[in-house]
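Engineer: Got a structure for you, written out below as structure tokens; questions coming shortly.
No value in this document is a laboratory result; all are computed from the given coordinates. Bear in mind that the values here come from a model prediction, so they are computed numbers and not experimental data. With ideal geometry, Cβ positions are generated from the backbone for all residues, glycine too; neighbour counts draw on all protein chains shown.
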Amino acid sequence: MQHPPPKKPSQFVVKGNRIEVRRDNDAVTWHPATFIRFSGDRAYVKFETSTDSDDPTSPLRREYVAAAEIRPAQPVEIHRYFKVGESVEAFCGERKGWRRGEIAEILENSRYSVVFEGADRGGSASAVEQWEVRTVRDWSDGLWNPPLLLQQVMQVKSKSSSESQAKSNGLKLKIKCKKKPQQMRFSEGMLVEVKRYEKGFEGSWFIAVIVKPLEDEKYLVEYRTLRTGDQTEYLREEVHASCIRCTPPVIRRVKPFESLERVDAWSKSGWWEGYIVEVLNGGSYMVHLCTNEDLILEHRKLRPHQEWIDGKLFSDLKVEKTELIVKPNNKKLKIKNKRTAEPIFREGMMVEVRSDEEGYHGSWFTAEIVCSLTSGEFLVEYQTLKTDDESALLREEALASYIRPCAPEIMRIDCYMLLEEVDAWYNDGWWVGLVSKVLDDRRYGVYFWTTNEEIFFNHSDLRAHQDWIGGKWTAAMMKKTELRVNNRQVINFGEHNRMGVEPFIVNGMKVEIKGDDGDKNEGIWYPAIILKSLGIRNYLVQYQTLINEYGTQLHQEAFGPCIRPSPSVIQRRDSYKPFDRVDAWHNNGWRVGRVQKASLSRNYSVYFNATNEMMEFQHFELRPHQDWIQGQWVLAIRVWLLVALKVKITDLSHGESNNLTRGAFETNRS
């Protein structure tokens, strides 16, 4: 007897059919998809659970796959229950597809505990819903094996028969009805956006997936960017259909947004309705949200706003002036010295508190305002620090100048760049540093200039650095140093009073190298690591905070007298005073200067004699100046001599002296 040839995939799928695509890594996974077309022995499909990137807002992924790797989607099994030990296929959230496993336990509310096949699971069990479990079946020659139940087959045939009859009848009925249109029906697995109405979430939409329909026009949804309190699972919630809409189509906006244009802003893991208040430089905008907040966001964090009306999306371009909310006249007075009044911190407000304690320079810790004390002081309770006996959260008095509001969340989807300034979550707080290495698997090396350390972090442990300046958050721009060290410039530095190899230099040693590329970077010492010796007094070094023209870490030959060991870390607890010699962190290196002014909030004006300029620095951006003399580090010591109304400042570490006039001395006294 002659068997008929096996059926081709084109005989059982047509455009728009729901299918599954096979992927075989450590175990077979069937990914839900929609069939689009055939091209030879390949099929063009759109995946239902995978996007083009890690960004959940990016379009669903489309690609060509082998036609032999597709099959129709299994019909949903009705009232199907499983026993412990039974082999099943369950939906794996990690792989976003159906994988074979075994029922380990029957849980409450018709849920199952399933152990998936595959080495990556390590035998651990996952809790799944009833509709996420199905019988193991193989698709062969157009048939399911084992076959579907007769009842399901009849339902499928009945449905296809009714559809064919409806198609054969070419009449279309137009019915007029004044009743309220029925809410749109959302299908299981559909990607949607859900509106939140809680206080503080006005005008926000969060991406979710329809899990199943409920009664009274409600749906069970699973958010894709929100998690439960313990951060172990995606948050699930019952939502009315009126709060759900289809995900808006992606509109690639190339031209800039205009003032008063309605937009949706990506912030705090969701889309927030608002409008453009001001168009800023560098492709950034100030956006006013429905929560009455103003945020500064980049162009890529915005999308044109679309209104969901009767099941359709409509563009809504600009805000009419009559719609603008007129705020009460509570504007702050402009002060000539460009400083604004400190923000008002209220009881119960979550803030970040700076620490200038030794070993904690450059760190911010989350805290809650307990109460106001004297003018400009508050009692705060840290949220991640505890008392010595670990019995309670640590409480401490803090100056207003050491407190700032919690930094707004910036969802960073793309990778951080080399030398980008970031905050790293470390030792229960946020520490400011520079990205010194960009590794695979979204890991980074971060260099902390306050401690001369490089520590490695995951992408999720970093956030874009922002500065609280004048009552506003300002995103830190990547500091790109124009310095390009070369041999000719390097040889000009240092004392040539001895020959041969510097006795203190060994491979792998942390050092600092003096650079000079014109007045802008004169006298800056850059952190580096010795890679190897290149001969007499020449070394190959890797700069930790400089890059070359290709955007990678700078490797350069350096001359021995330009190299000194990294000084011991001294984090000064007390404030610096006028005329103190300091090293200031500037242009990704340490620059020698002298303190001219010191404020109570521990901000300083530092004068650089080499370039005749004054700059402002915070306490953690300074360190006590030390000189490398005859193989030893020597702290700069001030000696004050008052002679004939003149102050003679002698720096014992250099032996140089400068005279200050009476006017300068009196200015300092005042």
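Engineer: For Cα pairs less than 8 Å apart in space and 6+ apart in sequence, what is the mean separation divided by the residue count of segment 350-405, i.e. the relative contact order in percent? All intermediate terms of the calculation are to be shown ahead of the outcome.
Structural biologist: Details: 106 pairs, mean separation 18.3, N = 56.
Result for segment 350-405 is 33 percent.
Engineer: So who's got an amide H within less than 5 Å of the one on Met190, skipping anything under 5 residues away but keeping other chains? H placed 1.01 Å off N, in plane.
Structural biologist: Residues meeting the criterion, in which the H sits 1.01 Å from N, are Ile210.
Engineer: Each residue of segment 580-585 in order: what ³J(HN,Hα) in whole Hz does its phi give by Karplus 6.51 cos²θ - 1.76 cosθ + 1.60, θ = phi - 60°, with x for Gly and Pro?
Structural biologist: Once rounded to whole Hz, the list reads 5, 7, 9, 9, 10, 6.
Engineer: In nm, what is the difference between 0.36 nm times the number of residues separating Glu108 and Asp216 and their Cα-Cα distance?
Structural biologist: On the way: separation 108, 0.36 × 108 = 38.88 nm, distance 2.40 nm.
Stretched fully, the Glu108-Asp216 segment lengthens by 36.5 nm.
Engineer: Calculate log10 I(q)/I(0) of segment 350-405 for q = 0.14, 0.18 Å⁻¹, where I(q) comes from the Debye formula with a single equal point scatterer on each Cα and nothing for solvent.
Structural biologist: With no solvent term, the Cα-only Debye profile gives -0.34, -0.57.
Engineer: Okay, next question. For Met411 and Ser259, compute 0.36 nm times the residue count separating them, minus their Cα-Cα distance, and round to one decimal in nm.
Structural biologist: Numbers: separation 152, 0.36 × 152 = 54.72 nm, distance 2.38 nm.
The Met411-Ser259 span can extend by a further 52.3 nm.
Engineer: Once label points are set 7 Å from the Cα along Cα→Cβ at both Ser140 and Glu117, what is their separation, rounded to one decimal in nm?
Structural biologist: 1.5
Engineer: Please arrange Trp449, Trp633 by counting, for each residue, the other beta carbons lying within 10 Å of its beta carbon, fewest first.
Structural biologist: Going from sparsest to densest Cβ surroundings: Trp633, Trp449.
Engineer: Related question: Please go through segment 535-594 and write out the chymotrypsin sites (Phe, Trp or Tyr not before Pro) that DSSP classes as loop and that have at most 13 other C-beta atoms within 10 Å.
Structural biologist: Tyr550
Engineer: Work out the FRET efficiency for Val370 and Glu293 from their Cβ-Cβ distance, taking R0 = 25 Å, and round it to the nearest 0.05.
Structural biologist: That pair, Val370 with Glu293, gives E of 0.50.
Engineer: Hey, what's the per residue convex hull volume over the C-alpha atoms of segment 421-475, in cubic angstrom? Intermediate results must be reported in sequence, preceding the final value.
Structural biologist: On the way: hull volume 4.7 nm³, N = 55.
Once divided by residue count, the hull of segment 421-475 is 86 Å³.
Engineer: Right, here's the next one. Taking a label point 7 Å from the Cα of Ser284 along the Cα→Cβ vector, which residues of segment 456-473 have an amide N closer than 14 Å to it?
Structural biologist: The answer is 464-473, whose backbone nitrogens lie closer than 14 Å to the label point.
Engineer: Next question. Where does each of 524-531, 304-311, 186-193, 231-238 land if you order them by average Cβ count within 10 Å, highest first?
Structural biologist: Order by mean packing, descending: 524-531, 186-193, 304-311, 231-238.
Engineer: Just rank Ile244, Ile629, fewest to most, by other beta-carbon atoms within 10 angstrom.
Structural biologist: On the way: Ile244 23, Ile629 10.
Result, fewest neighbours first: Ile629, Ile244.
Engineer: With θ set to phi - 60° and the Karplus curve 6.51 cos²θ - 1.76 cosθ + 1.60, what are the ³J(HN,Hα) couplings of segment 459-466 in order, to the nearest whole Hz, using x for Gly and Pro?
Structural biologist: Once rounded to whole Hz, the list reads 4, 5, 8, 10, 9, 5, 6, 10.
Engineer: Could you work out how much longer the chain between Ala127 and Ser401 gets when fully extended? Use 0.36 nm per residue separation minus the Cα distance between them, nm to one decimal.
Structural biologist: 93.7 nm
Engineer: Starting from segment 544-613, pick out the GluC sites (Glu not before Pro) whose DSSP state is loop and whose Cβ has at most 10 other Cβ atoms within 10 Å.
Structural biologist: Glu549
Engineer: Continuing with the same structure: Residue by residue, what Karplus-based ³J(HN,Hα) values in Hz, rounded to whole numbers, does segment 226-240 have, using 6.51, -1.76 and 1.60 with θ = phi - 60° and x for Gly and Pro?
Structural biologist: Rounded to whole hertz, the list is 10, 10, 5, x, 8, 6, 8, 9, 5, 6, 10, 7, 8, 9, 6.
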